[in-house]
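Below is one structure; the comments refer to it alone.
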Amino acid sequence: METTIYIRMRHRIQVKINDKIRVKDVARVIASNELLRHIESIPVHTVTKRDQNTIVIDVMSVISAIKSRYFNLEYQPIGPAQTIVQVVYTKHEGSLLLFLFAWLVLFIGSAVTIMNFHEDVSMQSVQQKLYFLLTGIKEDQPLLFQIPYSFGLGLGMILFFNHVFKKRFNEEPSPLEVEMNNYQQSVDQYIILHESKESVKKLND
């Protein structure tokens, strides 16, 4: 009777150049304890410079690697069929000058965006009218509204993004995190499709 093992590919992992990728790195395997130790240690791929930044390892490659050592197993893939392997090279320390420049550009860009929005909706005129309705006094600079509004604008942005530096207010993801996740999923799908086409092309050549 054949022994059935269940294989679930991981979504994404990170490796370094010259690392040897084993079954346990790219997949979760369900099998008997003794068999599991041997299967998880089976090498699937060795990272080289030719791999560049991204490798896609599919479940068929994992099954092929296991089957080269174990012939009497039945395989049951579960979940995603590929694992995206990101090759991480040596990171250089960031420049403080570059960080300050990026911060300044983002700060000025955000300020200009907010000012243009307020100009488009005539925010100052609205605040002047509200101040006149409540107090009966015409005021060119209704600071009673403008100061709380400025603080409220900053507080609203903090609540919207659900972050103060690294601190979160709750477990709910911010709209920015949701969009970044959707973007990452689209990139992953493109990588998988592109790598699949490249593999087919190499086989045909």
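The values are calculated or read from the model by the stated rules, or taken from the named source; none is laboratory data. Because the structure is a prediction, the values reported are computed rather than measured. Glycine gets a Cβ as well: all are built from the backbone with ideal geometry, and neighbour counts include every protein chain shown. Surface areas here come from the heavy atoms of the whole protein model, side chains and all, with no ligands, DNA or RNA. Shrake-Rupley method; radii C 1.70, N 1.55, O 1.52, S 1.80 Å.
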Tell me, what is a quarter of the convex hull surface for the C-alpha atoms of the range 100-186, in nm² with one decimal?
8.5
What accessible area, in Å² to the nearest ten, does a 1.4 Å probe give for MET9?
10
Select from the range 1-84 those trypsin sites (Lys or Arg not before Pro) which occupy a DSSP coil region and have at most 12 other Cβ atoms within 10 Å, ordered by residue number.
ARG69
Round to the nearest 10 and report in Å² the accessible area of HIS45, as given by a 1.4 Å probe over the protein chains' heavy atoms.
60
Which residue, PRO77, PRO173, PRO142, tops the fluctuation ranking in a GNM of the chain built on C-alpha contacts under 10 Å?
PRO142
Can you count the Lys pairs in the chain whose Cα atoms are under 15 Å apart, with each pair 8 or more apart or on different chains?
4
For the range 41-141, state the average projected area of the convex hull of the C-alpha atoms over all orientations, rounded to one decimal in nm².
15.0
How much accessible area does ILE55 have with a 1.4 Å probe, in Å² rounded to the nearest 10?
10
Across 5 Å bins from the origin, how do the percents of Cα pairs in the range 66-106 run, short distances first?
5, 13, 9, 10, 11, 10, 8, 7, 7, 6, 8, 6, 1
Volume per residue of the C-alpha convex hull in the chain, rounded to whole Å³:
219
Kirkwood hydrodynamic radius (C-alpha pairs) into Stokes-Einstein, the range 1-79, 10 °C and 1.306 mPa s, D in µm²/s:
121
Range in the chain, longest, excluding exposed GluC sites (Glu not before Pro) [loop by DSSP; at most 15 other beta-carbon atoms within 10 Å]
3-92
Equivalent ellipsoid dimensions for the range 98-141 as semi-axes, Å, which come from the Cα gyration tensor, largest first
34, 10, 6
